[in-house]
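Let me begin by presenting the structure, written as structure tokens, before commenting on it.
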Amino acid sequence: MLHHLAPFLLHWAITALSLWVASHIFKGIDFADTASLIVSALLLGFANAIVKPLLIVLTLPLTLLTFGLFLLVINALMIQLVSSLVRGFRVSGFWTAFFASIFIAVLSWVLGAFLIGGEPVLINEVPRSGLWL
């Protein structure tokens, strides 16, 4: 059970760092203090794990009609949901949440790729001699 704690804490830290950087880049995102940043990162992770899949299923026809671009709207809605639940987290409007969600997703992906890495790729080699079956 404890072996799952380190990746969870690392993802939480990456999300918090991405939110913090986004708050410095986008004028419409503010955190009152460090506690609201940490709680927002945790709640955003839970919202992305629980609420977002439900919204994706419910809006699947619209997502297919827009070739997946409606997922960007769902990401913005997740940030607005978290900002409405956390007292010290403020997002000025939808478009701020929209562009910030794109920035946060890209930055989290890049940081995750560098810090967490991926699974090693197994390469199957073709035998040099013998029978091929």
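Coordinate-derived values only; no laboratory data. No experiment lies behind these values; they were computed from the predicted model shown.
Details
- Range of Cα positions in the chain per principal axis (Å), largest first: 68, 39, 30
- Karplus-derived HN-Hα couplings along the range 48-62 (A = 6.51, B = -1.76, C = 1.60, θ = phi - 60°), whole Hz, x at Gly and Pro: 5, 8, 10, 7, 4, x, 5, 5, 5, 5, 5, 9, 4, x, 5
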